[in-house]
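Below is one structure, written out as structure tokens, with a few remarks after it.
What follows is calculated from the coordinates using simple rules that are stated; it is not laboratory data. Quick caveat: nothing in here was measured; it's all calculated off a predicted structure. Cβ sites come from the backbone with ideal geometry, for glycine too, and all protein chains shown count toward neighbours.
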Amino acid sequence: MRLHRFYITTPISGKTFDVTDRELIHQWRSVFRYNVGSQVILFDGNGHDFLVMITSLRNLGATVSVIEKMNERMKPKINLWLCLALIKKDNFELAVQKAVEIGVSHIIPVLCERSEKKNLNMERLEKIATEASEQSGRGDVPVIHQITPLDDLLESDLLPDNVICLNFEGETLEKTFNDKKPKELVVFVGPEGGWSDIEIQKFSSKNISSVSLGPNVLRAETAAIAVSSLLLI
């Protein structure tokens, strides 16, 4: 029988510990119908899975005992930051889900000139990221950053040094990296309609390379998923 896998924010230590996440406890009791003796897999984002048995299950908490510390999960090839312009809610959420499954480490919603939305449900995005991490088997949960205007992001010290942006006029990924991808990389993906001329000039002024995924016109969420796949898989 396939065991379900869950993320907890409390670091796993010791052979026995309490689980106090009320939403998770509700899932165990009301959705999965777990009881004392049920086994699940837990991870805390530090790279390992733990096979545990529920030894006590209460309304507001549970106690579990570690049966086995499992093999360390494979880490992504590179630490990839996806900076995706704000697009329609459903499309943005799809991009987040698939990017997490592929192995993106950081996701930043970017407010730019042609953004179709001005806000997102950040709590929901974090839940989507957590569930995608649980489902895909990755050993951590990526960081979902707050919405940030493009200008503020370009002027901040938040991002790693290696940065590219998707643009029809750019070079291919192969020519850009010559098969030598950096260990950390930021990729900017624009909104429907692409970056404005002013935004392209801003990227250029920061010596940010433009990269093209080919002649086809891709939706923003498709481009985000495609470039993440090409860089990580």
For this session: Under a cut-off of 16 Å between alpha-carbon atoms, report the aspartates and glutamates in cross-link reach of LYS69, not counting same-chain residues fewer than 8 places apart.
Result: ASP44, ASP49, ASP140
Seminar exercise, completed: So for R0 = 30 Å, FRET eff. of HIS48-HIS26 from the Cβ-Cβ r, to 0.05, ends up at 0.75
Exercise. In the set (i) 122; (ii) 138; (iii) 187, which value of volume of the Cα convex hull per residue in Å³ was calculated from the structure you see?
Worked result: (ii)
Exercise. Considering only DSSP states other than H, G, I, E and B, which chymotrypsin sites (Phe, Trp or Tyr not before Pro) in the stretch 115-193 qualify as loop sites with at most 16 other Cβ atoms within 10 Å?
Worked result: none
Exercise. Going by the alpha-carbon gyration tensor, a ≥ b ≥ c the square roots of its eigenvalues, is the stretch 5-72 rounded (a/c under 1.5) or, if a/c is not under 1.5, prolate (a/b greater than b/c) versus oblate?
Worked result: prolate
Problem set entry | Antiparallel DSSP beta bridges within the chain, percent to nearest 5 | 40 percent
Exercise. Tell me, what is the FRET efficiency for VAL36 and GLU116 to the nearest 0.05, using R0 = 45 angstrom and their Cβ-Cβ distance as r?
Worked result: 0.35
For this session: For SER13 and GLU184, calculate 0.36 nm times their separation in residues minus their Cα-Cα distance, and state this gained length in nm to one decimal.
Result: 58.6 nm
Exercise. Under a point spin-label approximation (7 Å from Cα along Cα-to-Cβ), what is the ASN59-ASP197 distance to one decimal in nm?
Worked result: 6.5 nm
Exercise. If the cut-off is 20 Å between C-alpha atoms, which lysines fall inside it for LYS180, apart from same-chain ones fewer than 8 positions away?
Worked result: LYS75, LYS77
Exercise. Normalised by the residues of the chain, what does the relative contact order come to in percent, with Cα pairs under 8 Å and at least six apart?
Worked result: 20 percent
For this session: Could you sort out which of LYS89/LYS127; LYS181/LYS202; LYS88/LYS175; LYS88/LYS206 sit more than 21 Å apart by Cα distance in this structure?
Result: LYS181/LYS202; LYS88/LYS175; LYS88/LYS206
Exercise. Going highest first, how would you order 43-52, 146-155, 27-36 by mean Cβ packing within 10 Å?
Worked result: 43-52, 146-155, 27-36
Seminar exercise, completed: Neighbours of GLY194 by Cβ distance under 12 Å: Lys/Arg at +1, Asp/Glu at -1, summed charge -3
Exercise. Residues with amide H under 5 Å of SER212's amide H, sequence separation 5 or more or different chain, H placed in the peptide plane at 1.01 Å from N; which?
Worked result: ASN167, GLY170, GLU171, THR172, LEU173
